[in-house]
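One structure is given here, and the rest of the page talks about it.
Each reported figure results from applying straightforward, stated rules to the coordinates on display, with no laboratory input. In this text, all values refer to a predicted model and were calculated from it rather than measured experimentally. We place every Cβ from the backbone using ideal geometry, glycine too, and count neighbours over all the protein chains shown.
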């Protein structure tokens, strides 16, 4: 008893040191990325526009899109503007980036403890360090995207779910449900926590094992659902929809296709054969796309260690616990199915969609690096067998190599390839009136110009007072250029000089 009491404070102190180091590194990288951002993403500009409208049109914002992230931006801007004594476009931008960075820092805390429960504190420390230096997840802060706020609630709920399953405490399932409900308001995918919790309790109900009794399991399931309903039910009622939009569209399209087959079984039989034969091809393409996007997120270098780590962790006679063997495979399987379905139905998978899968498999990268380091030490060390010191040396060589691969992309200026947008926006802000309608190929131009924009894809509309076009050749002219007056031109990327942005004033 005396020994366990002396060990616990030491372990807690080690956790605090680990978290302090990780948070300082993440904070430094986040502040650097915010300070060096040239242009935010289209989605980032859209989220800020939604936040700006929130105070005057909350109901319309809630019905259009999950309002959690715009609301966080709105609340952060309220605080920042009250402290700074005013509001401007850049107050909104910095408020959005700051609240996203805060969510990233807070999310690292539950992620670290999830890793500690799964693979131990030392491996969890290195896993979170690798996650922090990965360029694309880091860019989500400066780009103003909702991935880190979503991850904060997903990771917090997942941590309490593991704790609840391990310790058999019902109230922890309630916290899981509440976190899932709050996260659902940011991204609907956060509701997957309810699936894992419900599945775990059902398995335990019908396959009794030592731990929670059946009445306690029913209590856990009940508080899980109630916790989710507390924040999610009012949101769903206000929105008028109880299913996520894409899930509803997927069910609707599946039902429509089935009814078509029932109505016309003979005439559609040839098409059905074609669709059935095309399904494996499309699924194979989805798997290939998923593998490619995951590899991009992990900068390719960390993919082999991740796969090696997963294999060694989940092979027979491994040290993985029963809880780890249930929740992690369930998480990976469901997210892979969701991503394949996304590609199959809408034909796209982005790095953002794969982000949760990257985060929850990152814990196995240090294990893979250890195995890889052991192989290298056995091959190249002078002593036979290789000593622990040699293995540690190779581990850090591999870690430093991976860090060096990440650094150039991590430390680049975000949006630098579109710096001409800012120059054009400045010209428009200084040379046009507030009521002027400006046709643009990218909404960020009018966002930074603080003007009304009309977005076009191919042919620009001539009813706007000003039209902004992007050409790939310096002498290239649009069809209407003869009647319009060229007012301003700038290279989109000053370094590459491969695209030029031209502003035309249209004739009255």
**Message:** Per DSSP helix of 4 or more residues, -39500 (n - 2.57); summed, then divided by the residues of the chain. What does that give at 222 nm, rounded to the nearest 500?
**Reply:** -23500 deg cm²/dmol
**Asked** Within region 12-36, what residues put their amide N at less than 13 Å from the label point 7 Å along the Cα-to-Cβ vector of residue 411?
**Response** 29, 32-33
**Message:** Using the basic label-point model (7 angstrom from Cα toward the beta carbon), what is the residue 381 to residue 480 distance in nanometres?
**Reply:** 7.1 nm
**Theoretical FRET efficiency, 1/(1+(r/R0)^6), r = Cβ-Cβ of residue 456 and residue 318, R0 45 Å, to 0.05** = 0.20
**Item:** Gyration tensor verdict on region 416-505 (Cα atoms; rounded if a/c is under 1.5, prolate if a/b is larger than b/c, oblate otherwise)
**Value:** oblate
**Fill in**
By Cβ neighbour count within 10 Å, fewest first, 52, 315, 451 rank 315, 52, 451
**Message:** Can you compute the modelled spin-label distance between residue 311 and residue 42, with each label point 7 Å from Cα toward Cβ, in nm?
**Reply:** 4.0 nm
**Message:** At a 10 angstrom cut-off on C-beta neighbours, averaged per residue, how do the peptides 172-180, 234-242 rank from highest to lowest?
**Reply:** 172-180, 234-242
**Burial ordering of 184, 495, 353, fewest other beta-carbon atoms within 10 Å first** = 495, 353, 184
**Fill in**
Along principal axes, largest first, the alpha-carbon spread of region 91-239 in whole Å comes out as 52, 45, 18
**Message:** I'm checking a number: the convex hull volume of the Cα atoms of the chain, normalised per residue, in Å³. What is it?
**Reply:** 227 Å³
